Structures are given as C-alpha cells and as structure tokens.
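The values are calculated or read from the model by the stated rules, or taken from the named source; none is laboratory data. The shown structure was predicted, so the numbers you read here are calculated from the model rather than taken from an experiment. Quick reminder, even Gly has a Cβ in these numbers, built from the backbone with ideal geometry, and neighbours come from all protein chains shown.
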Amino acid sequence: MNARRLMLSILVLLAGVSQVACTVNPATGKRSFTLMTWEQEKALGLSAAPQFTEQFGGEFQNANAQAYVDRIGSRLVAQIEPGVPDLDWEFTLLDSDVINAFALPGGKVFMTRGLAAKLGSEAEMAGVLGHEIGHVTARHGNQRMSKQQAFNISLGLGAIAVGVADDDSDLRRYGQIGIPAIAVGGNLMLLKYGRDEESEADMLGMRYMLKAGYDPSAQRRVMEVLMRASAGQPRQIELFATHPYPETRIERIDQILASQYPDAAGDPSLRTNEQDYERNILAPLRASAHLPRAIPSAAISAAMLSDKARCCSLPAR
C-alpha cells in the first residue's frame, strides 16, 4: 500500500511540474515542455560558446567573411516571430574543415568554413543559418534537456517505488519488467523528438528565408550538398537515429515548398546572390588555401540541381 501511495504521489507531482513547465512557443505555436527560462538559455549559450569555438578551430580570420555571415544572420533574425525575446544573437564562421553547423540556446549560431565551402549561394547559407535559428526560436535545446531530465527523474522515482514494494505485490512483479522496458521505449521516443525537431527547424528556417527575401528552395539544395558530403558513410536504422533519413527530410521540405510556397519557384524577386557569395566567402577561402581552385557558382548550382533525388543531413546541429 505504501508503494502504491508513493507511486500515486510521484504521478501527481510530475503532472504538476508538467503543467507549470508547459508554455506556448511563439515560433511554433505549440505547447512545449521547458524547464529553463529564456534568460537561463542565454546564460547557457554564453558560457558554452567559447568552448565550442575553440573546439572547432576558433573564428575564421577574415573580417569581411565574418561580417557577411553576420549580415545574413541579422536579416533572418529580423523575421522571427513576435513573442521571442531579444536574444544574444551571434553568428560565427569557424575555422574548421569539418562540415557542420549548430546552435546553442540563447542565440549562438555556428557554421564551419568546411560547410561554407560546399555551398554555392547566399541563399544556401541563409538556409543553413535559418535552420539553426529555428532550433533556437523553437527552444529545441531547452526541450531536449527538459524532457531528458524529466524522464530520468520519472524513471528513478519509479524504480524506487518498485524497490520498496512488497515482494509478492503486482507493482513489484510487473515493475521489474516494466521499468527496463520504459527505459528503452522512452529513449527511443526522445530520439524521435530529435528527428521531429530537425524537420521543424527546416520549416522555420524556410519561413525566415522567404520573409527575408531569399528563395526557400535553397534549403533543399543545402540537403543535396550534405548528401554528397556524407556519401558512403554508414547510417543507423531511422528508429535509432537522431536525424531523419535524407529521403524523409527532403520529402518534408518538398511538401512545405508545395503547400506553403508554391509561388516561390522562379520568383525573380527572391534572391540567391551567387556572385556576392563568391566574393565574400569562396574567394576568401581560396585566398586562405581552403579552396584549391575557382569553381563557377553557376556550375555548382547546376550540379546541385542535377541530384535532387539524393539528400542528407549530417548528424550534427
């Protein structure tokens, strides 16, 4: 009886915490479970940013290139939804040939020169940065940590309740089987949250791109670039992966383009800015010996468009 009362108390406590921690996200319009405030997110990003910067080789030492990334990021940030508070937005081009981009809670966004070198237009860089901004405005980092913390606490308290139950009780009998099963199933669900977050960040990034005047289909071309970069690498079964399969993600992007932005294709008012990207990013990379030779941006775009059936995201944010 004591064990049952303990279990009931645990459920009541967790239900109360869930109600308090669930808020409507201004970017997605959905209720989300977040244990950290926006200010705590900003503090976390501020404290973690130097470590990540150092880990990826520091800032790329070209003031014009860094300023260009800042300008693109600022245009996108200007489009975020009302209700998202002022964050410490900062966009850093990292001096690493690893192909990666990621964001920290609070507005710290990073992109490696390795990824920048694979892109062919300003719109594609906007796709990368917009995706990472989407992670921040949707508070994905906060949600991930909050759900993991709540799951671990729930699992631990459940194990305690089972442990103090009578040996011949149903709670003890079924709990010894159920707790391990819940542990496995819960972790699989958390992985699914991660995959859903990637698609949601794509959606938000495309929204910010269009509002800033960029062609949202460039988000698809980014996926094609990442596909070629990851060709030949082994991948997990999608159920156990933190990112959607490339074909799943490209299908969702195509659905968004068809349903939300059907008039964007071929719209001359939407910019891609291949020449600006060549001058501000690719040329400095070549000058730093990070690109072996000039590749016409038109040829890059043609190569991307020729492989629309293949798309992938590297397992990093």
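For segment 194-216, the criterion of a residue being of a type outside the set (Lys, Arg), over 18 Å from PHE102 (Cα atoms) and at pLDDT below 90 is satisfied by no position. Can you find a residue in segment 43-51 that is of a type outside the set (Gly, Ala, Ser), at pLDDT 75 or above and closer than 17 Å to ILE133 by Cα? Yes, some residue in segment 43-51 is of a type outside the set (Gly, Ala, Ser), at pLDDT 75 or above and closer than 17 Å to ILE133 by Cα. Screening segment 238-317 for helices (runs of 4 or more DSSP H) wholly inside it with 1 or more residues that are hydrophobic (A, V, I, L, M, F, W, C), touching a Phe, Trp or Tyr at 6+ places or on another chain (Cβ under 9 Å) and modelled with pLDDT of 80 or more returns the ranges 283-287.
Among what's in segment 84-111 and is of a type in the set (Val, Ile, Thr) and modelled with pLDDT of 95 or more, pick the residue that is nearest to SER288 (Cα to Cα). Among them, the one singled out is THR92. What do you reckon, is HIS140 farther than 15 Å from ILE281 by Cβ and out of contact with any strand residue (DSSP E or B) (no Cβ under 8 Å at 6 or more places or on another chain)? It is true that HIS140 is farther than 15 Å from ILE281 by Cβ and out of contact with any strand residue (DSSP E or B) (no Cβ under 8 Å at 6 or more places or on another chain).
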